[in-house]
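What follows is a short report on a single structure.
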Amino acid sequence: GGTTATYTDPTGSYQSHTFTEPGSFIVEGEPGTVDYLVVGGGGSGGDAVLASSNGGGGGAGGLLTGTSFAVNVQSYSITVGDGGTGGGPTNTESGSPSIFSTITAQGGGGGGYNKNATGNPAQNGGSGGGSSSHNTVDGYGNGNREVGTAFAVPTQGNNGGTGTGDSPSWGSGGGGGAGGAGGNASSTVSGAGGIGVNNGYRYGPPTSDHPSAGDIGYGGGGGGTTSGSSGAEPPTAGVPYGGGVGVYNNTGTNGVDGKGGGGGGGSGYPTASPGGSGGS
C-alpha cells in the first residue's frame, strides 16, 4: 500500500510505504516488524481579526517514530490527518490526527487570534499553537495533548511561543514544532515556528546514485508575525520542516502537505489578514 521505495543502508535493505492520503497497509505471508513515522495534520495560523494585532503561528502535527513495531498478517487502515483550515469562521483551526494501528499522532493546535482587547488563546495539540499578540498570559497552546483538549498523550511535540503587546511589533508567538518549542515574540521580532525533526525512513541515506534521498524534515511549527516593519522578515526555524511563515502586511503562508507543518500567523497591519492553513 501507499507509495513504495526501496533502499539499502548500513543496517540492511528496506522497502518503505508512504501514505499521504488514506489507504491500507497490507501485511502478507507472515508476521514481521516495521519502523514507523506518523505525523498529524498541522494547525492553522491564527487570523488577525483586528487591525494592528497579529495571529499566532499554528502548531505542527504531532510526530511519533519507532522501530521493530510488530505487525500481523492483516490489512491496517491508515488515517492521514488534514491540516487546519486558515481563515475559517472560528478564526483558527487545529489539525486532525493521523493513525496507524495503535499509534495516533495528534493534530497541531491552531494559533491564537485577536477578536477582542485580550485576544483568544491558542489551541493545544501534538504541538501547541503560538499566542496572538494581545494574549500574553497563558495564551499559547500546549504540546503533547490530545488535540483541542487538556488530556496528555505520549511525547510528540512542543508548546507554542508567547506573543507581546509591546510596540512597535505587537508580535505573535510561533507554533510549536516536533523538535522544539515555538519562539517567543519580542518588541521588534515575531516568534519563529518551532523546529521539526529529520527522518530518513522514506528514502534512506543519500548515495552517489540517489543524491535526492536522505533525511526529510517533518513537523515544523508556523511562524508568528508582526505589525512593525522591523519584523518583516520573521525567523523561519520551522520552514525546512514544513512550517509556514507569518508575513508582514499579508496572509500567513500555508504549512506543507505531507509534512504536517503549522500555518503562519496572519498580520494585522494595515488591515487584518487571515492565517495560513496547516499541512496534512
Most positive-pole-ward Cα, ALA60, GLY119, GLY275, against dipole of the chain from beta carbon charges
GLY119
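I need the shape label for the chain. Rule: rounded when a/c is under 1.5, else prolate if a/b > b/c, else oblate, with a, b, c from the alpha carbon gyration tensor.
Details: a/c = 2.66, a/b = 2.01, b/c = 1.33.
Taking the square roots of the gyration eigenvalues as a ≥ b ≥ c, the chain is prolate.
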Would you work out if segment 98-210 is rounded, prolate or oblate? Take a ≥ b ≥ c from the square roots of the eigenvalues of the alpha-carbon gyration tensor; rounded if a/c is under 1.5, else prolate when a/b is larger than b/c, oblate otherwise.
oblate
Going by Cα centres, segment 145-168 and segment 56-118 are how many Å apart?
13
Carbon plus sulfur, as percent of the 1.4 Å-probe accessible area of segment 39-172, comes to 50
Using the crude model of +1 on Lys and Arg Cβ and -1 on Asp and Glu Cβ, and no other charge, please compute the dipole size for the chain relative to its Cα centre, in debye to 20.
480
So with the 1.4 Å probe, I'd like the accessible area per residue for the chain, rounded to whole Å².
40
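Using a 1.4 angstrom probe on the protein heavy atoms only, line up ASP47, ASP9, ASP257 by accessible area, largest first.
Values: ASP47 15, ASP9 40, ASP257 110 Å².
Heavy-atom accessible area, descending, gives ASP257, ASP9, ASP47.
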Relative contact order (percent, whole number), the chain, Cα cutoff 8 Å, 6+ residue spacing
21
Solvent-accessible area of ILE195, probe 1.4 Å, all protein chains present, reported in Å² to the nearest ten, please.
70
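The values are calculated or read from the model by the stated rules, or taken from the named source; none is laboratory data. Remember, it's a predicted structure, so these values are computed and weren't measured experimentally. FYI the Cβ positions are ideal-geometry reconstructions off the backbone, even for glycines, and counts take in every protein chain you see. Keep in mind that these areas ignore ligands, DNA and RNA; they rest on the heavy atoms of the full protein, side chains included. Shrake-Rupley method; radii C 1.70, N 1.55, O 1.52, S 1.80 Å.
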